[in-house]
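Step one of this worksheet: look at the structure below.
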Amino acid sequence: MTYADFHRRSISDRDAFWREEAELVDWHEPFGQVLDYSRPPFAKWFVGGRTNLCHNAVDRHLKDRADQAALVWISTEVDQARTYTYREMHAEVTRVAAMMQALGVKRGDRVIVYMPMVPEACFAMLACARIGAVHSVVFGGFAASSLAARIDDARPALMLTSDGGSRMGKAVLYKALVDESLKLARHPPKNVLIFNRGFDRNFNTVPGRDIDWKTFEKDHAATQVPCEWLESSEPSYILYTSGTTGKPKGVQRDVGGYAVALASSMKRIFCGNPGETMFTTSDIGWVVGHSYIIYAPLIAGMTTIMYEGVPIRPDAGVWWKIVQDYKVSVMFSAPTAIRVLKKQDPAWLSKYDLSSLRHLFLAGEPLDEPTHAWISEALKKPVIDHYWQTETGWPILSAVPGVEKTPIRFGSPSFPVYGYDMRLLREADAADAAAGEKAVVAIVPPLPPGCMTTVWGDDERFVRTYFSTFSKKQVYSTFDWGIRDKDGYWFILGRTDDVINVAGHRLGTREIEEAVNMHANVAECAVVGVADPIKGQMPLAFAVLKDPSKGTSAGDIMETVDKQLGAIGRPKAVYFVTLLPKTRSGKTLRRSIAALAEGRDPGDLTTIEDPGALQQIKDCLGVK
Ligand code: PRX
C-alpha cells in the first residue's frame, strides 16, 4: 500500500482504521464506539473502553520481557548510569504508587512532578498513571512564580520534587524553588515528597508537609498496587504550554486515545520494535519527553534511554557513544542540538559504530535545510524532520517509513500524518491556499486519537483558542504558517502568533513581557523573537523605565526574568527606550520590531501612532 492510500483510508474509513490500530494496546474492557463526536469539536475516542497507560507501558511486558532493560538512565552530570529491567521498573513504580496512595492521592487528583532527569521522575509519572492520578510535569527550568501559576491552575494533591539537579556541572536547587513557589501559590498541596540527591545539604524542611522519599518508601516496599482501569477519555495528564496570552494553558490528554496513537506512531513512523532501544534527548518537562522518552517506547516494549546532561559534555561524541554502547535503533533530538554539534569537530560523528541506528528524528523547531543536509551526510542515515505540538502529543507532519519509504526532502517534514485531515487556509477568508502559497496550517476536526481533549478546567478556552481563528470554518489552528510544494511536501514557516521557539523551547513573548514588567522600575515593555544561528530564535526586550535616573541595567532586567519565569526566557539583550511603537488603538507593533531586528522590512506602518518610537528601536539596533 502506498502512504497516500494509507492516509486516505485513515480519513475516509476512520472508525475501521482506528479500530485496527487500537489492537496495538491492551484493553481491560473493550470499547464500543470508536469515536463519539456528538459535541464538536470535542472528540472522545474508544468510548467505554477501559485501559491504563502504566499497564500498557509496564505490567503487560512482564510476561515476555521481565528481564529486558526498560529504562537506562545515563547522567553525564553526576557520572552515573543505571539500568532497570521491566521487573525492576514494575517494583519501583508500584512503590511510588503506594506512597502516593498513602498520602491520600486518589483517581483524578493532580500530582505535580517538578524533578530533574532522574529515573524516579519516570517512576512518578507511571505511578500516577497506575492509580489514575493526573500528572502535571513542570520543566525544571521554570522559576518559582511560573511553578506557582501551574500549581494554582492544577490544584494538586501532592507535589514531587528533588533537592536539586545539575546542568553543565552547576547545581540547580529545585527544593528552594519549590519552597518559594509554595509561598506564592494560593492552592498549595498538602505534601511534598522529596527525592534527595545530595545536591543541597541545607534544604529547608517543613514538618508535616515535606516527606523524605527514601525514608518513606521503606514502609511501602511490599505494597501491591493494582492498575486502575480508566475509561478511555479520563484525563491522563496535564502539560502547560505557552500561547498568545501570558497565562499558560493546561493541555489535557486522555488515556485510551493517547495509548493507541503512541503505539501506532512507534510502529508506523518511528519504526521501533519490541526489544530495541530508543534514545530521545529531550526532557520529561516537555511533550517530547512525555511521549517519546516515557510512554511510547515503553508501550512498545522497547528500552528507553533517559539522559541527564548536554550534548557536548564530556565531549561532543557522548550521544554517539550512547548509540554505539546501547545499540540505539531510534534516536529523536532537536535541530538546535544538531546545530550545536555542527560547530564541533566532525570526527566525533565517525568515531563510534552507529550501525544499529535506523533513523534520526528531529522536531520541535524548524530544521533548516543546511543542517538537515549536513547531519544526513554525516550520519549516512535517513534524518526525518517531523512537525507537531504539545497539543497533538504525536506527529502532525512526517515521513511514515513504516508504511512507505518516501524520499526525504531537506527542510521539509514531508506529509500529513495519517489521522490528520490537514488544510492550508488563507488567513483572510479560510479558502484553501494554492500550491506554493503561504497559509495557516489547520486541522479539520475531529482531531485524531492522542491529541488534547480540552484545556484543563476550561472547555470554553479550548474552543475559543484553537477553533475560532476562522469565522467561516470550525477548524483547529496550529498557529503555524506553512506552504506545500507541487509534489505535496509541506514546509513550516514559523508561528502566526506571539509564540517564539528558543532552542526548541516554546515560549510566549507575553509571558516574558510579564516577567520583565515585574521589575519595579519598568513601566512597559515589548519582547520579540529574533533569528539566532544556533538556538533558532532568541528573545529581545525593549523596556520603558518609570524613572530612568535610577540606573536600572539590562542585567537587572535579565535577573528579574530569571527569577520570575526562569533562565530559559532570559532576553539576549534588553534595550531601553522612552516609548514603544504602537498602533493608534494601542497595539504594540511586535512584528515590525522583530522585522527590524532581523534586518527585514518592517511592513505597513501607516497605523503607527508616533513614528519616533520606531526610530528609537532602530537606534538601539543600529539599523538605518
Ligand atoms: O511552531 C511549531 C514548532 O514548535 C511548535 C510546537 O512546540 P511544542 O508545543 O513545544 O511541541 C514540540 C513537539 C515536537 C509548533 O507549533 N515546531 C515543532 N516541530 C517543528 C516546528 N517547526 C518547524 N518544523 C518542525 N519540525
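The values are calculated or read from the model by the stated rules, or taken from the named source; none is laboratory data. Predicted model only: the values in this text are computed from it and were never measured. All Cβ positions, glycine included, derive from the backbone under ideal geometry; neighbour counts span all protein chains shown. All accessible areas refer to the heavy atoms of the entire protein, side chains included, with ligands and DNA or RNA removed. Shrake-Rupley method; radii C 1.70, N 1.55, O 1.52, S 1.80 Å.
For the range 489-498, the set of residues classified as surrounded by fewer than 21 Cβ atoms within 10 Å (Cβ to Cβ) and aliphatic (A, V, I, L, M) consists of Leu493 only. Residues that are surrounded by 15 or more Cβ atoms within 10 Å (Cβ to Cβ) and either aromatic (Phe, Trp, Tyr) or part of a strand (DSSP E or B) (or both) within the range 38-52 comprise Phe42, Ala43, Lys44, Trp45, Phe46, Arg50, Thr51, listed in sequence order. Anything in the range 420-430 that is open to solvent by less than 10 Å² (accessible area, probe 1.4 Å) and either in contact with a Pro (Cβ under 9 Å, 6 or more places away or on another chain) or more than 16 Å from the ligand (Cβ to nearest atom) (or both)? List them, or say none. Within the range 420-430, Tyr420, Ala430 meet the criteria.
Screening the range 366-388 for residues that are part of a loop (DSSP other than H, G, I, E, B) and within 12 Å of the ligand (Cβ to nearest atom) and picking the one that is nearest to Ile492 (Cα to Cα) gives Pro366.
Scanning the range 150-172 for residues that are modelled with pLDDT of 95 or more and aliphatic (A, V, I, L, M), we see that the one that is nearest to Val118 (Cα to Cα) is Leu160.
Checking each residue of the range 236-244 against the condition of being under 26 Å from the mean Cα position of the chain (by Cα) and surrounded by fewer than 21 Cβ atoms within 10 Å (Cβ to Cβ) gives at least one match. Out of all the residues in the range 324-334, is one or more open to solvent by less than 10 Å² (accessible area, probe 1.4 Å) and outside any strand (DSSP E or B)? No - not one qualifying residue is present in the range 324-334. Any residue that is under 24 Å from the mean Cα position of the chain (by Cα) and either open to solvent by 20 Å² or more (accessible area, probe 1.4 Å) or over 18 Å from Arg110 (Cα atoms) (or both) - is there at least one of those in the range 123-132? No - not one qualifying residue is present in the range 123-132. If you go through the range 510-530 and keep only what is within 22 Å of Ala439 (Cα to Cα) and either free of Cβ contacts under 8 Å to residues at least 40 places away in the same chain or of a type in the set (Val, Ile, Thr) (or both), you end up with Val528, Val530. For the range 154-164, the criterion of a residue being closer than 19 Å to Ser242 by Cβ and open to solvent by less than 10 Å² (accessible area, probe 1.4 Å) is satisfied by at least one position. Scanning the range 98-116 for residues that are under 28 Å from Ser146 (Cβ atoms) and buried (at least 22 other Cβ atoms within 10 Å of the Cβ) gives Met99, Met100, Val105, Arg110, Val111, Ile112, Val113, Tyr114, Met115, Pro116. Determine if the range 581-591 includes at least one residue that is assigned to a helix (DSSP H, G or I), free of Cβ contacts under 8 Å to residues at least 40 places away in the same chain and open to solvent by less than 40 Å² (accessible area, probe 1.4 Å). No: the range 581-591 contains no residue that is assigned to a helix (DSSP H, G or I), free of Cβ contacts under 8 Å to residues at least 40 places away in the same chain and open to solvent by less than 40 Å² (accessible area, probe 1.4 Å). Residue pairs whose Cβ atoms lie under 6 Å apart, sitting 6 or more positions apart in sequence or on different chains, and linking a residue in the range 369-397 that is more than 17 Å from Ser291 (Cα to Cα) to a partner that is more than 10 Å from the ligand (Cβ to nearest atom) and among the charged types (D, E, K, R), are Thr371/Arg339; Trp374/Lys342. Kindly provide the set of residues from the range 436-488 that are among the aromatic types (Phe, Trp, Tyr), open to solvent by 10 Å² or more (accessible area, probe 1.4 Å) and within 14 Å of the ligand (Cβ to nearest atom), ordered by number. Matches in the range 436-488: Phe479, Trp481.
Table: residues versus (1) closer than 27 Å to Val172 by Cα; (2) at pLDDT 95 or above; (3) not charged (D, E, K, R).
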site	(1), (2), (3)
Leu71	yes, yes, yes
Val78	yes, yes, yes
Tyr84	yes, yes, yes
Arg87	no, yes, no
Arg95	yes, yes, no
Ala98	no, yes, yes
Gly104	no, yes, yes
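If you go through the range 503-513 one residue at a time, do you hit one that is of a type in the set (S, T, N, Q) and either within 15 Å of the ligand (Cβ to nearest atom) or modelled with pLDDT under 95 (or both)? Checked the range 503-513: at least one residue is of a type in the set (S, T, N, Q) and either within 15 Å of the ligand (Cβ to nearest atom) or modelled with pLDDT under 95 (or both).
In the range 209-267, counting only strands (runs of 3 or more DSSP E) that sit wholly within it, the ones holding 2 or more residues that are within 18 Å of Leu103 (Cβ to Cβ) span 210-212. Has the range 293-307 got at least one residue that is touching a Pro at 6+ places or on another chain (Cβ under 8 Å), open to solvent by less than 10 Å² (accessible area, probe 1.4 Å) and within 15 Å of the ligand (Cβ to nearest atom)? Scanning the range 293-307, I find no residue that is touching a Pro at 6+ places or on another chain (Cβ under 8 Å), open to solvent by less than 10 Å² (accessible area, probe 1.4 Å) and within 15 Å of the ligand (Cβ to nearest atom), so the answer is no. Looking at Ala526, is it away from the ligand (no atom under 15 Å from the Cβ), farther than 25 Å from Val138 by Cα, of a type in the set (A, V, I, L, M) and surrounded by 22 or more Cβ atoms within 10 Å (Cβ to Cβ)? When the stated conditions are applied, Ala526 passes them. Residues of the range 335-361 being away from the ligand (no atom under 16 Å from the Cβ), assigned to a helix (DSSP H, G or I) and free of Cβ contacts under 8 Å to residues at least 40 places away in the same chain, which ones? Result: Leu341, Lys342, Pro346, Ala347, Trp348, Leu349.
Across the range 395-419, what is the total count of residues that are more than 14 Å from the ligand (Cβ to nearest atom), at negative phi and not basic (Lys, Arg)? Final tally of qualifying residues: 8.
The condition of being under 23 Å from Lys327 (Cβ atoms) and either in a strand (DSSP E or B) or open to solvent by 10 Å² or more (accessible area, probe 1.4 Å) (or both) holds for only one of His61, His7, His55, that being His61. Among helices (runs of 4 or more DSSP H) entirely within the range 93-185, having at least 3 residues that are free of Cβ contacts under 8 Å to residues at least 24 places away in the same chain singles out no element at all.
Screening Ala143 on (1) at pLDDT below 95; (2) open to solvent by 10 Å² or more (accessible area, probe 1.4 Å) shows it passes everything except condition (2).
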